[in-house]
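The values are calculated or read from the model by the stated rules, or taken from the named source; none is laboratory data. Everything numeric here is computed off the predicted structure, so don't read it as measured data. No Cβ is skipped: glycine too gets one built from the backbone with ideal geometry, and neighbour counts run over all protein chains shown.
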Amino acid sequence: MLTISRELVDAIVAHARADHPDEACGVVAGPEGSDRPERFIQMDNAERSPTFYRFDSHEQFRVWRDMDDRDEVPVVIYHSHTATEAYPSRTDISYASEPDTHYVLVSTAYDEPQFRSYRIVDGVVTEEDVKIVEAYG
Amino acid sequence: MAIEVRIPTILRNYTDGAKAVDAKGATLAELIGDLEARHPGLKERLVDDAGLRRFVNVYLNDEDVRFLGGLGTPVADGDTVTVLPAVAGGAR
């Protein structure tokens, strides 16, 4: 299960809406071993595409180095689908490489945004519950 | 001295869990060859017949080697090579 604050869900959805019809992407970092998403990092989609996203490699290098310095990990990696449902595509699955990361998919294809979370390990997708909290206990 | 190679979580099963390992070589291709000798299986995760795999980013110090000379990029003692998984996907 992904437990995530309302504020972070709102930030992710706002980013997805702002970049619509292009796909939006980013990270929520959190302390290593905590499984708690805390630090919202909006990333550039280097592809600027409605059907594809890729982190800019230089931006990713800086963000990953910052996380390393702070003993953080990418607790959440999110991106949006802008014309299809919030379910991992074949391409998403082929790139997913972090067994401990929650892969969040947001869809902006409908009136109400979809916000769903998955584990993707060795090509196997497992949807998980999302628990939205006002604050972490 | 050697070249420090920083290994992402996903590939640490090849390095007995080490976050960073040392390797030698005059170019990135040689370095990866040396890595393979020390940590068998790693090379296949980094390169294929066409060159660097699209699923990984490899950096020399803080520059993506795709913007340098790819596998032919010269490397030297004291450099740091960082491997990160590329983060990408799409609607299809």
Do you know which residues across region B:31-40 are outside any loop (DSSP other than H, G, I, E, B) and in contact (Cβ under 8 Å) with a residue 12 or more places away in the chain?
B:L31, B:I32, B:L35, B:R38
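Quick test for you: out of B:L84, B:L46, B:L35, pick the one residue that is in contact with a helix residue (DSSP H, G or I) (Cβ under 8 Å, 6 or more places away or on another chain) and closer than 30 Å to A:S107 by Cβ.
None of the other options fit; the residue is B:L84.
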Region A:97-118: number of residues that are more than 15 Å from B:G89 (Cβ to Cβ) and either part of a loop (DSSP other than H, G, I, E, B) or touching a His at 6+ places or on another chain (Cβ under 9 Å) (or both)
9
Test each condition in (1) outside any strand (DSSP E or B); (2) of a type in the set (A, V, I, L, M); (3) in contact with a His (Cβ under 9 Å, 6 or more places away or on another chain) for A:A14 and report the one that comes out false.
(3)
Any hit, region A:59-76, residues being touching a residue at least 60 places away in the same chain (Cβ under 8 Å) and surrounded by 14 or more Cβ atoms within 10 Å (Cβ to Cβ)
yes
Considering only region B:40-92, how many residues are buried (at least 21 other Cβ atoms within 10 Å of the Cβ) and away from chain A (no Cβ under 14 Å)?
2
The correct count of residues that are closer than 18 Å to A:T108 by Cα and not in a strand (DSSP E or B) in region A:17-46 is 9
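In the set A:E59, A:E32, A:E7, A:E47, which member is closer than 19 Å to A:I132 by Cα and either out of contact with any Ser or Thr (no Cβ under 7 Å at 6 or more places or on another chain) or of a type in the set (A, V, I, L, M) (or both)?
A:E7
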Tell me, yes or no, whether region B:30-47 has at least one residue that is over 19 Å from A:S97 (Cβ atoms) and modelled with pLDDT under 95.
no
In region B:9-29, residue farthest from B:V47 (Cα to Cα) [restricted to those that are among the hydroxyl-bearing types (S, T, Y) and at pLDDT 95 or above]
B:T15
Within region A:79-120, take every residue that is without any contact (Cβ under 8 Å) to a residue 24 or more places away in the chain and over 12 Å from the mean Cα position of the chain (by Cα) and give me the one that is nearest to B:I7 (Cα to Cα).
A:S97
Considering region B:49-92 alone, what residues qualify as being in a loop (DSSP other than H, G, I, E, B), among the aliphatic types (A, V, I, L, M) and touching a strand residue (DSSP E or B) at 6+ places or on another chain (Cβ under 7 Å)?
B:L68, B:V75, B:A86, B:V87, B:A91
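Rundown of residues vs (1) charged (D, E, K, R); (2) closer than 29 Å to B:I7 by Cβ, yes/no style:
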| residue | (1), (2) |
| --- | --- |
| A:H20 | no, no |
| A:A46 | no, yes |
| A:R54 | yes, yes |
| A:H58 | no, yes |
| A:W64 | no, yes |
In region A:75-96, residue farthest from A:R116 (Cα to Cα) [restricted to those that are within 7 Å of chain B (Cβ to nearest Cβ) and assigned to a loop (DSSP other than H, G, I, E, B)]
A:A83
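Rundown of residues vs (1) without any contact (Cβ under 8 Å) to a residue 60 or more places away in the chain; (2) surrounded by fewer than 20 Cβ atoms within 10 Å (Cβ to Cβ), yes/no style:
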| position | (1), (2) |
| --- | --- |
| A:S5 | no, yes |
| A:A11 | yes, yes |
| A:A14 | yes, yes |
| A:R17 | no, yes |
| A:E23 | yes, no |
| A:A29 | yes, no |
| A:E32 | yes, yes |
| A:R39 | yes, yes |
| A:M43 | yes, no |
